[in-house]
Amino acid sequence: MESVVRVKKLLKTPIRKLTSWVSRVKERKLCAKHRNKRTRDQRGRGGCNRLGRTPRLRTSHPKDPSIICSFQADLEKERKLREARNAQKNAERAVLRDHFRRKYQLSESPKDTNHLKSVGGKVSLPHKLSKIIHPKTKTKDDGFNLLSAFQGLSFGTVELKARKHSKTSAPAPATCKVIAMEQIQGCETMRSLYIRVTVCVRTQGTCGSRNQLCGVAPQRAFCMTAAGTVAHGKLEGRKGAESTGVRKRGVDGRVRSFEEIPHTGRSGWINLVKFWREDRFRQLHKHMERTFNTLGPIYREHVGTHSSVNIMLPLDIAELFRAEGLHPRRMTLQPWATHRETRQHSKGVFLKNGEEWRADRLLLNKEVMMSAAVKRFLPLLDEVAMDFCRMLRAKVEKEGRGEEGKRSLTMDPSPDLFRFALEASCHVIYGERIGLFSSSPSLESQKFIWAVERMLATTPPLLYLPPRLMLLVGAPLWTQHASAWDHIFSHAEARIQKGYQRMSSSQARGSEAAAGGQYTGVLGQLMEKGQLSLDLIKANVTELMAGGVDTTAVPLQFALFELGRNPEVQERVRQQVRTSWAQAGGDPQRALQGAPLLKGTIKEILRLYPVGTTVQRYPVKDIVLQNYHVPAGTMVQACLYPLGRSAEVFKDPLRFEPGRWGREDGQRGEGAGGFRSLAFGFGARQCVGRRIAENEMQLLLMHILLSFHLSLLSSEDLKTTCTLILQPETPPRITFSKL
């Protein structure tokens, strides 16, 4: 016992000194108890200095003890090794992310560049990462059989077995192996992909719970096999997995909760302030694209009073439309609905839902969507398109430069295109021309175009605010919006009154139209049949007119721009149009049927520049999107701008190629081919004016290509902005040269 006490006394002082040096804390703080004891002993012995104070204890430490120097040197060496290992890991991840950026043409990251510089640009990748970046590179173990290596491994509910089994099999070791690849960013499959590959070796006993493999959280796991992915317990091919980027189930088959969906911020009002401050309303399409690149192919967003789940992959969109139900619902434009309620106007099919919507929509479809209706109004659209080209030829001949008969004119065609769209819409809907191609168009028509533009521009900000509150406080934004709608309704009401007077004055007009006489327009057809009340006719006709001007004129601007900067594509379309027009003998329907590249041109324009940036649905049942549970009744948005420019969905997505929509031109991915072109929506709730708009744009382009060669002074990309529709910030200037 005495020897133990003696050893403690011998070791107490060195250990105390070492502790004080390492921790940088003075010894008197660590040993206050012993110091106080010595002080009391000295006072008991009368140990005071001449001032009557207790003398201060002084401890002497060696200035440079060898043991401390050695300890600090080891710490510094270990720190440097740790920093070197971290730099190497960061560089490996940077190389992998850079590989996916080059592969999918994504922007570079300064952070990854710094990681590579920190290791001098020399990175020795592990074998697994090297095989990802250089799959065809032969390494020492190139003959390694991946399938045999995974023999007997359990992937959730699917077990992958080798093709050839050995006669004798050794028992599997009771261990688990976890292979983790964290933060593999930039992969186009998930845009910003965070993958954790979990491989659990099947044991004879148990390997933990089925809901947790080897301590890896199941919601962060992505099941990978040698052939592809495991989705819903089925083995999918590698091509399908890479092309769709869809994760249906985790390793344990568990679907993640709605709250786990990545989001842009939980506070809707804070997000609204950010939208206003950063002017995201005008760049909403770019904001969506950036967010998908950051958060992956699905995310939640809450802005003001507006909440949604946003998706962009075709298979997810197909899943959404399968759950739309008999009465599909899309987002209600509450500012429009509030205007109808406060002005006591009836609502058209655009603002209705349920059985009431379906009844009205079936009646409208007969006049605007069915093939018989298209055949009736197609000559009216062709007439307006030919008059537009005659007006444009006269303008080029009068104001253009060059030899007579071969003059060219560089101009902004947008004002003329808006007038064309309004003239064509009035001719089809009201059955009359309003003379917008004259040298002095009416002031009333110009005011109508202005009112439509103001209505579209003021709608997006009001979507995220309570319209009733804006009305109550008399906000200028609401005042402008309501005034624009009032002018649109007054214009429509004046046209409807004229149509009603024509119908009243000529009782024989209905029988003539039924016998194949003069077409009286959509308005006349609805009035003759009398299946809709006059208020409902007024509401639906007004919505058709308001939605049929900008949504047609703006895509035509983009079409002229893309044809002008792609002369080889322009020539291919022109040659096909010439052949088809010559064979059709003046029949516009036959001419369009013989020029599929013309239809492909419109689809390609609406892929790159979708008029509406989203298509919304409220699923009637719970669905699973990207392995996340989405409850019934949640508003889900298919974002068209990121979809149309995704390298995962379209090959060379930024290239303007109308031929990609041909039957033999396959797109990337499988199983959702019909959900890549959604500019007019889908199904029973698609745009009610789709047939009018498609034929209107195709006929105008056909006559322009037959009369003019298009070119540009600058082929730089157009900057776009988003009101309620996507449009160029500055209208393009097109050079029209007579052929």
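Numerical summary
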{"quantity": "Prolate/oblate/rounded call for the range 322-401, Cα gyration tensor, a/c under 1.5 rounded", "calculated": "prolate"}
{"quantity": "For the range 519-626, Kirkwood radius (reciprocal of mean inverse C-alpha pair distance, Å)", "calculated": "17.7 Å"}
{"quantity": "Descending semi-axes in whole angstrom, ellipsoid equivalent of the range 418-503, from the Cα gyration tensor", "calculated": "29, 15, 10"}
{"quantity": "Loop-located GluC sites (Glu not before Pro) in the range 671-721, at most 11 other Cβ atoms within 10 Å (DSSP)", "calculated": "Glu716"}
{"quantity": "Ser118/Thr264 FRET efficiency (R0 22 Å; Cβ-Cβ; nearest 0.05)", "calculated": "0.10"}
{"quantity": "Average accessible area per residue (Å²) across the range 325-386 - probe 1.4 Å, nucleic acids and ligands excluded", "calculated": "43 Å²"}
{"quantity": "Radius 11 Å from Cβ of Arg565, net charge of other residues (Lys, Arg +1; Asp, Glu -1)", "calculated": "-4"}
{"quantity": "Peptide ranges 73-81, 483-491, 454-462 listed from the most packed, as the mean C-beta count within 10 angstrom indicates", "calculated": "454-462, 483-491, 73-81"}
{"quantity": "Of all accessible heavy-atom area on the range 256-385, the percent that carbon and sulfur account for (1.4 Å)", "calculated": "53 percent"}
{"quantity": "The range 337-407: GluC sites (Glu not before Pro) in DSSP coil with no more than 13 other Cβ atoms inside 10 Å", "calculated": "Glu403, Glu404"}
{"quantity": "Shape category assigned to the range 356-503 from the gyration tensor of Cα positions, a/c cut at 1.5", "calculated": "oblate"}
{"quantity": "Length added when fully stretched, Ala337-Arg401, from 0.36 nm per residue minus Cα-Cα", "calculated": "18.0 nm"}
{"quantity": "Label-point separation in nm, Glu76 to His306, each point 7 Å along Cα→Cβ", "calculated": "6.0 nm"}
{"quantity": "Rounded, prolate or oblate (a/c below 1.5 giving rounded, otherwise prolate when a/b exceeds b/c) for the range 265-359 by Cα gyration tensor", "calculated": "oblate"}
{"quantity": "Cα-based Kirkwood hydrodynamic radius, the range 603-739, one decimal, Å", "calculated": "17.5 Å"}
{"quantity": "Filter on Lys80/Lys117; Lys347/Lys447; Lys603/Lys651; Lys447/Lys498 - keep pairs with C-alpha separation over 21 Å", "calculated": "Lys347/Lys447"}
{"quantity": "Between the range 564-631 and the range 257-334, the alpha-carbon center distance in angstrom", "calculated": "25 Å"}
{"quantity": "Within the range 248-317, trypsin sites (Lys or Arg not before Pro) in DSSP loop having at most 12 other beta-carbon neighbours inside 10 Å", "calculated": "Arg266"}
{"quantity": "Theoretical gain in end-to-end length, Leu469 to Leu326 [0.36 nm per residue, Cα-Cα removed]", "calculated": "48.1 nm"}
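The values are calculated or read from the model by the stated rules, or taken from the named source; none is laboratory data. Note that the structure is predicted; figures quoted are calculated from it, not measured. Methodologically, a virtual Cβ is constructed for each residue, glycine included, from the backbone with ideal geometry; neighbour enumeration extends over all protein chains shown. To get the accessible areas, we keep the full protein, side chains included, count just its heavy atoms, and leave off ligands, DNA and RNA. Shrake-Rupley method; radii C 1.70, N 1.55, O 1.52, S 1.80 Å.
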